[in-house]
Amino acid sequence: MSSQILVKKPYIIIQYDVVNDLIYADWSGEQTKESVIDGCEEILRCLTLYNCHKVLNDNTHVKGMWSDAAEWVALDWIPRLGKAGCRFLAHVYSPDVYAKLSADKAVEFGLKDVMVTTFQGKVTAEAWLKAV
């Protein structure tokens, strides 16, 4: 991946993938509602800055439950992501069952504006984003 780091925090690293014109968000560790909101706002800022239409949201290294932020992600952030021009979001599940359940909870709210697809691994998520 030919990319540049835009944001680096203990719980998220956000990069712009120049070749594939997408924002890559690599989350790690335990997430709180505050870290999820802050990280998502950073993703939105970067997406707007680079006028991207695709986000690769990688939760491979996330541990534990963040479901208290799931409703905010689905009903507040995703619609604003769509208004900012995002059309496709590939979400890579964490192997941690609680983190996976949190992601599923966000999807259950019914996402509009952005096509969100979930994946078990980063390689298939990247392939999907390249194909759309």
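Key figures for this structure:
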item: Close pairs (8 angstrom Cβ cut-off, 6 or more residues apart or separate chains): among the polar types (S, T, N, Q) in the stretch 38-51, surrounded by fewer than 22 Cβ atoms within 10 Å (Cβ to Cβ) anywhere; result: THR48/ALA84; THR48/GLY85; ASN51/GLY85
item: Only listed residue being at pLDDT 95 or above, under 19 Å from GLY82 (Cα atoms), surrounded by fewer than 18 Cβ atoms within 10 Å (Cβ to Cβ) and within 15 Å of the chain's Cα centre (by Cα), chosen from ASP38, ASP58; result: ASP38
item: Subset of the stretch 116-132 (residues that are surrounded by fewer than 16 Cβ atoms within 10 Å (Cβ to Cβ), in a helix (DSSP H, G or I) and aliphatic (A, V, I, L, M)); result: VAL123, ALA127, ALA131
item: Hits in the stretch 76-97 (condition: part of a helix (DSSP H, G or I) and exposed (fewer than 15 other Cβ atoms within 10 Å of the Cβ)); result: ASP76, PRO79, LYS83, VAL97
item: Test result for VAL114, under 20 Å from VAL132 (Cα atoms), among the hydrophobic types (A, V, I, L, M, F, W, C) and touching a helix residue (DSSP H, G or I) at 6+ places or on another chain (Cβ under 9 Å); result: yes
item: Residue in the stretch 101-111 that is among the small types (Gly, Ala, Ser), buried (at least 16 other Cβ atoms within 10 Å of the Cβ) and more than 20 Å from SER67 (Cα to Cα) present; result: no
item: Selected residue [assigned to a strand (DSSP E or B) and charged (D, E, K, R)] from ASP113, ASP58, ASP68, ASP104; result: ASP58
item: Condition check for GLU42: among the acidic types (Asp, Glu), part of a helix (DSSP H, G or I) and in contact with a strand residue (DSSP E or B) (Cβ under 9 Å, 6 or more places away or on another chain); result: yes
item: From the options VAL92, VAL132, residue that is in contact (Cβ under 8 Å) with a residue 40 or more places away in the chain and among the β-branched types (Val, Ile, Thr); result: VAL132
item: Candidate set from the stretch 15-29 (those that are among the charged types (D, E, K, R) and either surrounded by 14 or more Cβ atoms within 10 Å (Cβ to Cβ) or touching a residue at least 40 places away in the same chain (Cβ under 8 Å) (or both)); member that is nearest to ASN59 (Cα to Cα); result: ASP26
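The values are calculated or read from the model by the stated rules, or taken from the named source; none is laboratory data. What you see is a predicted model; the values in this text were computed from it and never measured. Methodologically, a virtual Cβ is constructed for each residue, glycine included, from the backbone with ideal geometry; neighbour enumeration extends over all protein chains shown.
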